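Asks: I'd like to ask some things about the structure below.
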Amino acid sequence: MSIPPAATSSVSFSQGVNLMADRALALLNLADGLAETIKACNSVLQLNFPVKMDDGNYRVFQGWRAVHSDHRLPVKGGIRFAPHVNQDEVIALASLMTYKCAIVNVPYGGSKGGLIVDPKTHSVGEMERITRAFARHLIDKGYISPGGNVPAPDMGTGQREMSWIADTYKKLHPHDINYFGCVTGKPPTNGGIRGRVEATGRGLQYAIHEFFRHPKDIALAGFDSGLAGKRVIVQGLGNVGYHVAKFLQNEDDARITVIIEWDGALHDEKGLDVEAVKQHITEHGGVKGYGAGAYIADGKSALEIDCDILVPAALEAQITIHNVDRIKAPLIVEGANGPVTYEADERLRARGTVVLPDAYANAGGVTVSYFEWIKNLSHIRFGRMGRRFDEYRGQVVIDALEEMVGKEVPAHLRDKLTQGADELRLVRSGLDDTMRLAYQEISEAFHTNDQVNDFRTAAFFVSLKKVATTYMEMGV
Ligand code: GLU
């Protein structure tokens, strides 16, 4: 989606991320200079390259790929296509990838790419040539490879672009049998994995589930009941916002009371039908004109509506010093990267709003990317060897039970016992486990350390401790 960014902070995006990291670094007692070493972006490649347009003329495109930290290889992170992307943003996002991967124990360094382009203004043919040209230059300069730097989808990119990138790499390295591992987020029919498209939204849902398993944390947000019936505001019904909204509504009985898009917001205290709103956006380009609920032309003002959970899943810098004091949600779950500016975050911390930070909450995407990469390197689908064997063993258990007790196992239990796990189930199971364990580490850091007073600092604390340990052990 394209909600325009707001120039709303006295510090840049990357400075803001560093300041947030500083709160945790101050508690870690690291050797002099190590904090600076960790925060520094290792390298940034800027590219200016021409592409032939449909009309026969040429246009020069500008893009970047930043490698924040290669303490683990490959480095990982999406490529965004947007008209407003800039170098500072790419560096900030690359550093968030380093911290994100450490939080969810995904063994990667952090990277990010960005290209100034508005995909809506180009034909499919032009987009393919632009993507392939960008990829070719990145591969040529060592910024894409299965063992070195592995991009993924981000804003403005998806399966289609990842397929083009994989094919570009394959053509340049025809003898690399691991070519599919050079990029993740590919379609399952072309080296991808089931469950990757929904992964970031699914990860947000699992993060919220885990939050609601922790009574002390529930109390911090002032809730006295579970997720069912909670009023949720979702900003951005793109891939991340759509999936989390759909899952919370269909599987958890939460009420999606507000949906914010680039052209306004919809508000209905009874709950909006996420699927129907998505359909309307697909057909009409925005939420305006949707038949149910109240339409609010100033979409961003809808962030301030009373609710239980606010999920900003659009762009960075949406909750700023200018609107933070009017934000009512006691729980904010960051679907986007950097939706809360540094100054706004200071205010939220001071007043005790619970924020599940981006580097943890939206880590489902890179987690499932990790599963996809492992699948690519192992050249076999998860579940292929064991699924039927598990089903057979389940049947043996049923037969044994029935023989011993002389009664039939009820059909619903029989079905469960004889169901071997397919790829999608295994991916969801791995993602759920990842999000739960990471939450537990963050929550423990929060509750056991007097100087940690918010979940973002706790997440940075957990993450930076791991990154610092790696630096110390490998030697800088
Ligand atoms: N672009 C996503 C993110 O910001 C996914 C990155 C990946 O899968 O490598 O986390």
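Asks: Please state which of the following conditions THR457 fails to meet, knowing it meets all the rest: (1) farther than 21 Å from LEU204 by Cβ; (2) open to solvent by less than 60 Å² (accessible area, probe 1.4 Å); (3) among the polar types (S, T, N, Q).
Replies: Of the numbered conditions (1) farther than 21 Å from LEU204 by Cβ; (2) open to solvent by less than 60 Å² (accessible area, probe 1.4 Å); (3) among the polar types (S, T, N, Q), the odd one out for THR457 is (1).
Asks: If you don't mind, another one. Tell me which residues, restricted to the stretch 142-164, are within 16 Å of the ligand (Cβ to nearest atom) and either among the acidic types (Asp, Glu) or not in a loop (DSSP other than H, G, I, E, B) (or both).
Replies: SER145, ASN149, VAL150, PRO153, ASP154, GLN159, ARG160, GLU161, MET162, SER163 - these are the residues of the stretch 142-164 that are within 16 Å of the ligand (Cβ to nearest atom) and either among the acidic types (Asp, Glu) or not in a loop (DSSP other than H, G, I, E, B) (or both).
Asks: Test GLY229 against the criterion of being open to solvent by 40 Å² or more (accessible area, probe 1.4 Å), of a type in the set (Gly, Ala, Ser), closer than 30 Å to SER301 by Cβ and away from the ligand (no atom under 16 Å from the Cβ), and give yes or no.
Replies: no
Asks: Right, here's the next one. Name the single residue, out of those in the stretch 364-385 being free of Cβ contacts under 8 Å to residues at least 12 places away in the same chain and more than 16 Å from the ligand (Cβ to nearest atom), that is farthest from ALA166 (Cα to Cα).
Replies: Out of the qualifying residues, it is MET385.
Asks: If GLY181 satisfies all but one of (1) under 24 Å from the mean Cα position of the chain (by Cα); (2) assigned to a helix (DSSP H, G or I); (3) away from the ligand (no atom under 16 Å from the Cβ), what's the number of the condition it fails?
Replies: (3)
Each row is one residue, and each column tells you yes or no for (1) closer than 17 Å to LYS466 by Cα; (2) modelled with pLDDT of 95 or more; (3) open to solvent by 40 Å² or more (accessible area, probe 1.4 Å); (4) within 21 Å of the chain's Cα centre (by Cα).
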| site | (1), (2), (3), (4) |
| --- | --- |
| ASP22 | yes, yes, yes, no |
| LEU25 | yes, yes, no, no |
| ASN29 | yes, no, yes, no |
| ASN48 | no, yes, yes, no |
| TYR58 | no, yes, yes, no |
| PHE61 | no, yes, no, no |
| LEU73 | yes, yes, yes, yes |
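Asks: Within the group LYS186, LYS216, LYS171, which residue is closer than 26 Å to VAL117 by Cβ and over 21 Å from the mean Cα position of the chain (by Cα)?
Replies: Matching residue, one of LYS186, LYS216, LYS171: LYS171.
Asks: Continuing with the same structure: Any chance you could count how many residues in the stretch 333-361 are more than 15 Å from the chain's Cα centre (by Cα) and either in contact (Cβ under 8 Å) with a residue 24 or more places away in the chain or surrounded by 24 or more Cβ atoms within 10 Å (Cβ to Cβ) (or both)?
Replies: Residues meeting the conditions: 13.
Asks: So, in the stretch 199-216, exactly how many residues are free of Cβ contacts under 8 Å to residues at least 60 places away in the same chain and within 13 Å of the ligand (Cβ to nearest atom)?
Replies: Adding up the residues that qualify gives 0.
Asks: So which of ALA317, ALA313 ends up being touching a residue at least 60 places away in the same chain (Cβ under 8 Å), open to solvent by less than 30 Å² (accessible area, probe 1.4 Å) and on the phi > 0 side of the Ramachandran plot?
Replies: Of ALA317, ALA313, the one residue that is touching a residue at least 60 places away in the same chain (Cβ under 8 Å), open to solvent by less than 30 Å² (accessible area, probe 1.4 Å) and on the phi > 0 side of the Ramachandran plot is ALA317.
Asks: Inside the stretch 184-213, can you point out the residues that are over 19 Å from VAL244 (Cβ atoms) and assigned to a loop (DSSP other than H, G, I, E, B)?
Replies: THR184, LYS186, PRO187, GLY191, GLY192, ILE193
Asks: Next question, about the same structure. Sort out which residues of the stretch 73-89 are more than 11 Å from the ligand (Cβ to nearest atom) and touching a strand residue (DSSP E or B) at 6+ places or on another chain (Cβ under 6 Å), and write them in order of number.
Replies: PHE81, VAL85, GLN87
Asks: May I ask you to list the residues in the stretch 137-150 that are touching an Asp or Glu at 6+ places or on another chain (Cβ under 9 Å) and either surrounded by fewer than 23 Cβ atoms within 10 Å (Cβ to Cβ) or not polar (S, T, N, Q) (or both)?
Replies: SER145, PRO146, GLY148
Asks: Right, next: Inspect the stretch 180-195 for any residue being among the hydroxyl-bearing types (Ser, Thr, Tyr), under 24 Å from MET435 (Cβ atoms) and free of Cβ contacts under 8 Å to residues at least 12 places away in the same chain and give the result as yes or no.
Replies: no
Asks: With the structure loaded, tell me whether GLU126 is more than 15 Å from the ligand (Cβ to nearest atom), touching a strand residue (DSSP E or B) at 6+ places or on another chain (Cβ under 8 Å) and acidic (Asp, Glu) or whether it fails that test.
Replies: Here the answer is yes, as GLU126 does meet what is asked.
Asks: If you check ASP167, ASP176, which single one turns out to be outside any loop (DSSP other than H, G, I, E, B), of a type in the set (D, E, K, R), away from the ligand (no atom under 16 Å from the Cβ) and without any contact (Cβ under 8 Å) to a residue 40 or more places away in the chain?
Replies: Being outside any loop (DSSP other than H, G, I, E, B), of a type in the set (D, E, K, R), away from the ligand (no atom under 16 Å from the Cβ) and without any contact (Cβ under 8 Å) to a residue 40 or more places away in the chain holds for just one of ASP167, ASP176, which is ASP167.
Asks: So, PRO153, is that one open to solvent by 20 Å² or more (accessible area, probe 1.4 Å), touching a residue at least 60 places away in the same chain (Cβ under 8 Å) and within 28 Å of ASP422 (Cβ to Cβ) or not?
Replies: Considered against the rule, which asks whether it is open to solvent by 20 Å² or more (accessible area, probe 1.4 Å), touching a residue at least 60 places away in the same chain (Cβ under 8 Å) and within 28 Å of ASP422 (Cβ to Cβ), PRO153 comes out as yes.
Asks: Sticking with this one: Quick check on ALA350: is it small (Gly, Ala, Ser), more than 25 Å from TYR108 (Cβ to Cβ) and in contact with a Ser or Thr (Cβ under 7 Å, 6 or more places away or on another chain)?
Replies: Considered against the rule, which asks whether it is small (Gly, Ala, Ser), more than 25 Å from TYR108 (Cβ to Cβ) and in contact with a Ser or Thr (Cβ under 7 Å, 6 or more places away or on another chain), ALA350 comes out as no.
Asks: Kindly indicate the residue of the stretch 368-398 that is of a type outside the set (Phe, Trp, Tyr), open to solvent by less than 60 Å² (accessible area, probe 1.4 Å) and touching a Lys or Arg at 6+ places or on another chain (Cβ under 9 Å) and also nearest to GLY109 (Cα to Cα) among those meeting that condition.
Replies: This residue is SER369.
Asks: Consider only pairs whose beta carbons are under 8 Å apart and that are at least six residues apart or on different chains; among these, list those whose first residue lies in the stretch 386-404 and is under 14 Å from ASP422 (Cα atoms) and whose second residue is hydroxyl-bearing (Ser, Thr, Tyr).
Replies: Correct list of pairs: GLU391/THR418.
Asks: Select from the stretch 90-121 the residues that are more than 12 Å from the ligand (Cβ to nearest atom) and either open to solvent by 10 Å² or more (accessible area, probe 1.4 Å) or hydroxyl-bearing (Ser, Thr, Tyr) (or both) and list them in ascending order.
Replies: Result: ILE91, ALA102, ASN105, PRO107, ILE116, ASP118, PRO119, LYS120, THR121.
The values are calculated or read from the model by the stated rules, or taken from the named source; none is laboratory data. These figures come from a predicted structure and were not determined experimentally. Cβ atoms come from the backbone with ideal geometry, glycine included; neighbour counts cover every protein chain shown. Heads up: the accessible areas ignore ligands, DNA and RNA and are worked out on the full protein's heavy atoms, side chains in. Shrake-Rupley method; radii C 1.70, N 1.55, O 1.52, S 1.80 Å.
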